[in-house]
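Asker: Mind looking over this structure? Questions follow.
The values are calculated or read from the model by the stated rules, or taken from the named source; none is laboratory data. Since this is a predicted model, take the numbers as computed values, not measurements. Using ideal geometry, Cβ is built from the backbone for each residue, glycine included, and neighbour counts are taken over all protein chains shown.
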């Protein structure tokens, strides 16, 4: 984001016009300027939080914002005893939560370590797509629950970044998570498993979303990663 664009967004914020789509635009620009590979999820969290602070747009930028589960209306995961939101933005008494998920395939990348370029690092495979996909949607739902529980919370943004094209192509039709997979162009509102055993539903219950979410992948070309903003 150049200085002119940043000033325009800041002016809109001061005029009370800041909306979820405008913050998506800001996040998209911040991530597109990243030159070094993200090594883990916390790397994205801290990088994004610092850039959001530096933008001078928000009154506050919180990291690991804790919310007791018992305060949340209709929260389906009774085994969770707390919620720590990755980032929360505050402006003029309104709050917007941001959740981040980062999943990689096993691949060797060049990283910047202690100021030295081209250090070879192996990113490991991050778990099965089945549960990882569910957890992204759980973050989306949690943002909706925060918005419905607290009057001054705007429905937030979930960021998903991956270099694993398995998420984009989607699984076979008989796969458990096929109904809510991230195949480009899908529109998702219900998170309902295909023939999941009862014991799985205890930890991973089915649920409905309050809104429709269109899967529209974007390129982080210089990092060779894909970005999904929900």
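Asker: Quickly run through region 107-151 and pick out the residues that are out of contact with any strand residue (DSSP E or B) (no Cβ under 6 Å at 6 or more places or on another chain), without any contact (Cβ under 8 Å) to a residue 12 or more places away in the chain and at negative phi.
Answerer: The answer is 116, 117, 128, 151.
Asker: So, one more: Only one of (1) within 26 Å of residue 73 (Cβ to Cβ); (2) surrounded by fewer than 19 Cβ atoms within 10 Å (Cβ to Cβ); (3) within 19 Å of the chain's Cα centre (by Cα) is not met by residue 140, so which one is it?
Answerer: (2)
Asker: Mind listing just one residue for me: the one in region 76-106 that is out of contact with any strand residue (DSSP E or B) (no Cβ under 7 Å at 6 or more places or on another chain) and touching a residue at least 24 places away in the same chain (Cβ under 8 Å) and, of those, surrounded by the most Cβ atoms within 10 Å (Cβ to Cβ)? Before you say what the answer is, go through the steps one by one.
Answerer: Our first condition is that a residue be out of contact with any strand residue (DSSP E or B) (no Cβ under 7 Å at 6 or more places or on another chain); within region 76-106, this holds for 77-81, 91-94, 105.
If we keep only those that are touching a residue at least 24 places away in the same chain (Cβ under 8 Å) as well, we get 77, 79, 91-94, 105.
Details: 77: 16, 79: 7, 91: 18, 92: 11, 93: 7, 94: 14, 105: 14.
Within region 76-106, the match that is surrounded by the most Cβ atoms within 10 Å (Cβ to Cβ) is 91.
Asker: Any chance region 173-194 includes a residue that's touching a helix residue (DSSP H, G or I) at 6+ places or on another chain (Cβ under 7 Å), part of a helix (DSSP H, G or I), modelled with pLDDT of 95 or more and surrounded by fewer than 19 Cβ atoms within 10 Å (Cβ to Cβ)?
Answerer: No, every residue in region 173-194 fails to be touching a helix residue (DSSP H, G or I) at 6+ places or on another chain (Cβ under 7 Å), part of a helix (DSSP H, G or I), modelled with pLDDT of 95 or more and surrounded by fewer than 19 Cβ atoms within 10 Å (Cβ to Cβ).
Asker: Given the condition without any contact (Cβ under 8 Å) to a residue 12 or more places away in the chain, in contact with a helix residue (DSSP H, G or I) (Cβ under 8 Å, 6 or more places away or on another chain) and more than 30 Å from residue 34 (Cβ to Cβ), answer yes or no: does some residue in region 204-227 qualify?
Answerer: Scanning region 204-227 turns up no residue that is without any contact (Cβ under 8 Å) to a residue 12 or more places away in the chain, in contact with a helix residue (DSSP H, G or I) (Cβ under 8 Å, 6 or more places away or on another chain) and more than 30 Å from residue 34 (Cβ to Cβ).
Asker: Got a number for residues in region 17-40 being surrounded by fewer than 17 Cβ atoms within 10 Å (Cβ to Cβ) and farther than 19 Å from residue 91 by Cβ?
Answerer: 6
Asker: Moving to a separate point now. Of all residues being without any contact (Cβ under 8 Å) to a residue 24 or more places away in the chain and assigned to a helix (DSSP H, G or I) in region 44-70, which is surrounded by the most Cβ atoms within 10 Å (Cβ to Cβ)? Just the residue, please.
Answerer: First, pick out the residues of region 44-70 that are without any contact (Cβ under 8 Å) to a residue 24 or more places away in the chain: 46-47, 50-51, 53-54, 64, 66, 68-70.
Checking the rest, the ones that are also assigned to a helix (DSSP H, G or I) come to 46-47, 50-51, 53-54, 69-70.
Details: 46: 12, 47: 16, 50: 13, 51: 18, 53: 13, 54: 11, 69: 15, 70: 9.
The selected residue is 51.
Asker: In the list 146, 201, which residue meets the criterion of being in a helix (DSSP H, G or I), closer than 27 Å to residue 83 by Cα and more than 18 Å from the chain's Cα centre (by Cα)? Talk me through it step by step, then tell me what you get.
Answerer: Values: 146 fails: more than 18 Å from the chain's Cα centre (by Cα).
Within the list 146, 201, the selection yields 201.
Asker: Need the failing condition index for residue 73 against (1) closer than 25 Å to residue 192 by Cα; (2) buried (at least 17 other Cβ atoms within 10 Å of the Cβ); (3) at pLDDT 90 or above, just the number.
Answerer: Exception for residue 73: condition (2).
Asker: While we're here: For region 152-169, state whether one or more residues are assigned to a loop (DSSP other than H, G, I, E, B) and without any contact (Cβ under 8 Å) to a residue 40 or more places away in the chain. Steps first, please.
Answerer: Of the residues in region 152-169, the ones assigned to a loop (DSSP other than H, G, I, E, B) are 152, 154-156, 163-165.
Next, only the ones that are without any contact (Cβ under 8 Å) to a residue 40 or more places away in the chain stay: none.
Checked against the condition, which is being assigned to a loop (DSSP other than H, G, I, E, B) and without any contact (Cβ under 8 Å) to a residue 40 or more places away in the chain, region 152-169 yields no hits at all.
Asker: Report yes if residue 18 is at pLDDT 95 or above and in contact with a strand residue (DSSP E or B) (Cβ under 7 Å, 6 or more places away or on another chain), otherwise no.
Answerer: On the way: at pLDDT 95 or above: no; in contact with a strand residue (DSSP E or B) (Cβ under 7 Å, 6 or more places away or on another chain): yes.
Criteria not met by residue 18.
Asker: Quickly run through region 76-102 and pick out the residues that are within 26 Å of residue 127 (Cα to Cα) and modelled with pLDDT under 95. So that I can check it myself, show each step before the final result.
Answerer: Taking region 76-102 as the starting set, the residues that turn out to be within 26 Å of residue 127 (Cα to Cα) are 76-87, 97-102.
76, 77, 78, 79, 80, 81, 82, 83, listed by residue number.
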